[in-house]
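Undergrad: What follows is a structure written as C-alpha cells; I'll ask about it next.
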Amino acid sequence: MGWRLPLRSLWRNRRRTILSLLVIALGTAVSAFVFGFLENSRLQIQQSTVQEYGNLQIASPELWNSKTDGYGYLIAPAAAAQVGGLLAQEPGFRGSTSQLQFPGLLGTGRDTQVIRALGIEPGNPVLDFADHVVAGRGLAPTDTAAVFVGRTLADKLSLSVGSIVMATLTTVHGAYNASPFTVVGIYKYTNAQFEEQVVFIPLAFAQRLLDTDGVDRIVVSLDQIAETSTVAVHLTTGLAASGIALAPRTWDDLSPFYRQLASYFNALFAFLSFAISILVFFIILEVQTLAFLERTREVGTIRALGTTQREVFVLFFAESAWLAALGSASGVAVGALLIAAFNAAKIQWLPPGTIDYFTLGAKIEVGTVLVPFAISFVATLLSALYPAAQASRLRVVDALRVE
Amino acid sequence: MGSDSRFCHVRGRPFLEARDVTKTYQVGAETVYALRDVQFAALQGDFVVINGPSGSGKTTFLNLMSVIDRPTSGDVFIEGQSTSAKSEGQLALLRKTKIGLVFQSFNLIPVLSAAENVEYPLLLQKRPPAERRTRVAAMLSEVGLDALARRRPNELSGGQRQRVAIARALITGPMIVLADEPTANLDSKTGEAVMDLMRRLNEEHCVTFIVVTHDPAVSRYAQRRVRIHDGQLIEEDVGGLASPAS
C-alpha cells in the first residue's frame, strides 16, 4: 500500500508507538548531545594546539628524533630561505616564523625557575601570543633583552611588567652565558605548565645569546587546519627534491596529548553509541515482534490476497523505517534543544592542569547530528529485520487461523 | 425465465479443478484425513455452494482451491495448469490475478478506509493511480458503498464490511471468487443481502462463485450444491432452484 499502510500501521497501538519513538528519540538526543559536546571540546583543544604549535613545524629529523648532542640540528639561514621559497608555493599558506628554543634558568636573585625560552620574531603574527596578554604587551620588533612571561611564572617569581630577571643558558658551543631581561608583558594560556615554563624572547637576541645565526624550527601557519596533512606531504616531497635535510611535523604529531584525547573521545562516543544502539535495537525488536504477532491474521489475509513474501517483508520493514525516521528526526530536534539550553546555561568548568575556568559548550551542526541520526536509524532498521522476516515466512493458512 | 437463467453459466473447460486431492494432518501418531481423493471442477459462471458440518473439511477444501495451501496428494488445476509445482511467488501471482477471496470475519485491514481496502489488490497489481480511483469508485458504487468510501472498517456494520470484502475480491476482475462462510457473522437479513449481492455479481460479471457454508439458508442460492462429508464431496441435485426471495 505504498507508504500509507506502513505509516498508518504505526498508529494502531499509539501508546506503544509513542514509547518506541521516545526510546529512539531519547537515544538519538543523548547521542547527539554527547557527540556535540565531545566535538566542541575536541575542536577547542585542536584550536589551542594549533595556536601553540602552528599547523606544522619544519625541523631537522635529529631534533624530531631527539638524537643529537648540542645544537647540531639548527637550520642555517640559507636552508631557512629555501624552505621559505617552498612554502610560498603552497596554496593555503598563511605565514611562517622561525624559532629558536633552548632551555635555561630564569632568576630574580631570590628564586630561580627552569624555563624553555622561545626565540620568536616579534611582530610576526604566527605564534606571537600577543592576544594572550594580561599585563604589559607582547614583544615588539624593536625589543632586544625583553621577555614575555607566563602568568604562572610571574606569580611564582613575583614578576611584574618592568621587572628585571637574569637568564642563564648554554651557548651552541657549550659555554655558559647569561643576560638580564626586562619583563615587557605577561601572557595567559590554557595550560598552566606552559605558562610556568615558556618565555618568549626576540629571536635575534636569542641567536646572539646562543652565538648562532641558525634557528631550530620553522613554524608554519595555514588558512585551514584541514589542509595540514596535504601540505605536509607536499613539503616532504619538496624538501627531499631540493636536497634539504629537514622534515615537517604536523600539529597533531607534535601534540601527543591531543591525539590521546581525540582517540579517547572517539572511543567514548563509540562506546556510548554502541550502548544506545543495543538498547534501541532490543526495545524496538521487542515492540516490532509484538506488533507482528498481533497482526499475524492480517499478514495471512494480505498474503491470501496475493501479497508476496518479499512484499510482506518490505511492508514491515517500511513500518520500521518510518519509526526509525520519525524517532531519529525527533531525537535530533530534542538533542538540538538540549544543546541550545546547555550552551545558554554557560556552565563553567576548571579542567585539570588549567587555571582559567572554561565555558562548557556543545556543537550542533550537520556532522554532529548526522552520525547519531544514522546510528539510531540503522539500529532501528536492523531490529526490524527479524520480525519482518518472520512475518514474511508465515504459512498463509496458519496465519489465517490465528484469532 | 427458468431458475438457472439467473446464473451466468458458460460451458467449456473447467476454470478450477481438483483431481484426486487428499489433505491429511498429523495429530500425534495418527493421520487425520481432512479431504480424501476429492474430484471437483468449476466452470466459468458457476455458483457453487458447498455445505457441510463443522470440521467436515470445508475450509480445508477452500484453502486448497484458493492455493493458499497445498494438498498432501493430488493436484489443483487453474485454467488447466497444475499448481503443485508452482513456487510460493507463482501461487501469490495466481491469487493476485485470478482469484478473489471473501472471509467469514471479513478480514479487512483496519487502518485502511473502505476504498483503500478495495484498492489494495490493485496496488499489488501496480495499476496506475487514475485507473485505481476509477475502478474503486465503480466497484464501491456497485456494492452500494460509495457514500461510505472513506470510512474505516470499525465504522461500518458487519454487512457493510462484508460488502467491502466482496468489492475487494472482485476489484481485479478475477475468474473465481471463493467465499468462506460469508454470512456466518451476519444476521439473517444482512446475510441474505450479501448473498443477493454475490448472486447479482455472479450474473452480471460471469464470475464463478464457490461459497462454503454451514448455513442451510445459503444453499438456496446455489446453482450447484455440493455436500462435504468426512472429507468427501458429494454433488447434490439442486433440482428446481428455489428463489432466495421466495
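Undergrad: Of the residues that make up region A:127-146, is at least one β-branched (Val, Ile, Thr) and buried (at least 20 other Cβ atoms within 10 Å of the Cβ)?
TA: No, region A:127-146 contains no residue that is β-branched (Val, Ile, Thr) and buried (at least 20 other Cβ atoms within 10 Å of the Cβ).
Undergrad: Yes or no: A:THR17 within 14 Å of chain B (Cβ to nearest Cβ) and not hydrophobic (A, V, I, L, M, F, W, C)? So that I can check it myself, show each step before the final result.
TA: Details: within 14 Å of chain B (Cβ to nearest Cβ): yes; not hydrophobic (A, V, I, L, M, F, W, C): yes.
In short, yes.
Undergrad: Same structure, new question: Restricting to region A:317-335, what's the tally of residues that are aromatic (Phe, Trp, Tyr) and within 14 Å of chain B (Cβ to nearest Cβ)? Break it down into steps so the answer makes sense when it comes.
TA: Kept after step one, since they are aromatic (Phe, Trp, Tyr), are these residues of region A:317-335: A:317, A:322.
Next, only the ones that are within 14 Å of chain B (Cβ to nearest Cβ) stay: A:322.
Count: 1.
Undergrad: Restricting to region A:307-334, name every residue that is without any contact (Cβ under 8 Å) to a residue 12 or more places away in the chain and crowded, with 24+ Cβ neighbours inside 10 Å.
TA: A:THR307
Undergrad: Residues to consider are B:GLY45, B:GLY55, B:GLY80; find the one that is in contact with a His (Cβ under 6 Å, 6 or more places away or on another chain) and more than 12 Å from chain A (Cβ to nearest Cβ).
TA: Being in contact with a His (Cβ under 6 Å, 6 or more places away or on another chain) and more than 12 Å from chain A (Cβ to nearest Cβ) holds for just one of B:GLY45, B:GLY55, B:GLY80, which is B:GLY45.
Undergrad: A:ARG8: basic (Lys, Arg), under 30 Å from B:LEU108 (Cβ atoms) and surrounded by fewer than 21 Cβ atoms within 10 Å (Cβ to Cβ), yes or no? Walk me through it before giving the result.
TA: Working: basic (Lys, Arg): yes; under 30 Å from B:LEU108 (Cβ atoms): yes; surrounded by fewer than 21 Cβ atoms within 10 Å (Cβ to Cβ): yes.
Yes.
Undergrad: OK, next. Quick one: A:ARG303 ticks every box in (1) within 23 Å of B:THR97 (Cβ to Cβ); (2) more than 8 Å from chain B (Cβ to nearest Cβ); (3) of a type in the set (Lys, Arg) except a single one, so which number is it?
TA: (2)
Undergrad: Could you check region A:90-146 for strands (runs of 3 or more DSSP E) lying wholly inside it with 3 or more residues that are assigned by TED's automatic domain parsing to the domain that holds A:ASP211 and not small (Gly, Ala, Ser)?
TA: A:93-107, A:112-120
Undergrad: Still on this model: Pairs under 7 Å by beta carbon, first residue closer than 28 Å to A:PRO77 by Cβ in region A:190-211, partner among the hydroxyl-bearing types (Ser, Thr, Tyr), six or more apart or different chains?
TA: A:PRO202/A:THR144; A:LEU203/A:SER98; A:PHE205/A:THR144; A:LEU209/A:SER179; A:LEU210/A:THR171; A:ASP211/A:THR171
Undergrad: Considering only region A:277-291, how many residues are surrounded by 23 or more Cβ atoms within 10 Å (Cβ to Cβ) and away from chain B (no Cβ under 14 Å)?
TA: Kept after step one, since they are surrounded by 23 or more Cβ atoms within 10 Å (Cβ to Cβ), are these residues of region A:277-291: A:280, A:284, A:288, A:291.
Imposing the further condition that a residue be away from chain B (no Cβ under 14 Å) reduces the set to A:280, A:284, A:288.
Residues flagged as surrounded by 23 or more Cβ atoms within 10 Å (Cβ to Cβ) and away from chain B (no Cβ under 14 Å) within region A:277-291 amount to 3.
Undergrad: If a residue must be surrounded by fewer than 19 Cβ atoms within 10 Å (Cβ to Cβ) and under 21 Å from A:GLU311 (Cα atoms), how many such residues does region A:363-380 contain? Don't jump to the end; show me each part of the working.
TA: Restricting attention to region A:363-380, the residues satisfying the condition of being surrounded by fewer than 19 Cβ atoms within 10 Å (Cβ to Cβ) are A:365-367, A:370-371, A:374, A:378.
Add one more test, that the residue is under 21 Å from A:GLU311 (Cα atoms), and what stays is A:378.
Matching residues across region A:363-380 total 1.
Undergrad: Could you check, for region B:22-44, whether at least one of its residues is on the phi > 0 side of the Ramachandran plot, at pLDDT below 95, surrounded by 16 or more Cβ atoms within 10 Å (Cβ to Cβ) and touching a Ser or Thr at 6+ places or on another chain (Cβ under 8 Å)?
TA: No, region B:22-44 contains no residue that is on the phi > 0 side of the Ramachandran plot, at pLDDT below 95, surrounded by 16 or more Cβ atoms within 10 Å (Cβ to Cβ) and touching a Ser or Thr at 6+ places or on another chain (Cβ under 8 Å).
Undergrad: Does region A:66-87 include one or more residues that are touching a Leu at 6+ places or on another chain (Cβ under 6 Å), in the same structural domain as A:ARG217 (by TED's automatic domain parsing), more than 30 Å from A:ILE164 (Cβ to Cβ) and of a type outside the set (Asp, Glu)?
TA: Yes; the residues of region A:66-87 include at least one that is touching a Leu at 6+ places or on another chain (Cβ under 6 Å), in the same structural domain as A:ARG217 (by TED's automatic domain parsing), more than 30 Å from A:ILE164 (Cβ to Cβ) and of a type outside the set (Asp, Glu).
Undergrad: Being crowded, with 21+ Cβ neighbours inside 10 Å and either modelled with pLDDT under 90 or among the aliphatic types (A, V, I, L, M) (or both) is the requirement here; does A:VAL215 meet it? Talk me through it step by step, then tell me what you get.
TA: Numbers: crowded, with 21+ Cβ neighbours inside 10 Å: yes; either modelled with pLDDT under 90 or among the aliphatic types (A, V, I, L, M) (or both): yes.
Here the answer is yes, as A:VAL215 does meet what is asked.
Undergrad: Looking only at residues in region B:84-113 that are of a type in the set (D, E, K, R) and more than 7 Å from every other protein chain (Cβ to nearest Cβ), which one is surrounded by the most Cβ atoms within 10 Å (Cβ to Cβ)?
TA: B:LYS98
Undergrad: Restricted to region B:166-182, and to residues that are of a type outside the set (Gly, Ala, Ser) and in contact with a Gly (Cβ under 6 Å, 6 or more places away or on another chain), which residue is surrounded by the most Cβ atoms within 10 Å (Cβ to Cβ)?
TA: Once the filter is applied, the top-ranked residue is B:VAL177.
Undergrad: Mind listing just one residue for me: the one in region A:5-44 that is polar (S, T, N, Q) and within 27 Å of the chain's Cα centre (by Cα) and, of those, modelled with the lowest pLDDT?
TA: A:GLN44
Undergrad: Looking at region B:192-216 only, could you name the residues that are touching a Pro at 6+ places or on another chain (Cβ under 8 Å) and of a type outside the set (Lys, Arg)?
TA: Matches in region B:192-216: B:GLU192, B:VAL194, B:MET195, B:ASP196, B:MET198, B:VAL207, B:VAL211, B:THR213, B:HIS214.
Undergrad: Return only the number of the condition from (1) in contact with a helix residue (DSSP H, G or I) (Cβ under 6 Å, 6 or more places away or on another chain); (2) modelled with pLDDT under 90; (3) closer than 30 Å to B:LYS58 by Cβ; (4) not acidic (Asp, Glu) that A:ARG401 does not satisfy.
TA: (1)
Undergrad: Among the helices (runs of 4 or more DSSP H) confined wholly to region B:18-128, which include 2 or more residues that are acidic (Asp, Glu)? If you could, list the steps in order and put the result at the bottom.
TA: On the way: elements: B:58-65, B:88-98, B:114-124.
Counting at least 2 such residues, we get B:114-124.
The values are calculated or read from the model by the stated rules, or taken from the named source; none is laboratory data. Owing to the predicted nature of the structure, the values given are computational and were not obtained by experimental measurement. Virtual Cβ from ideal backbone geometry, glycine too; neighbours counted across all protein chains shown.
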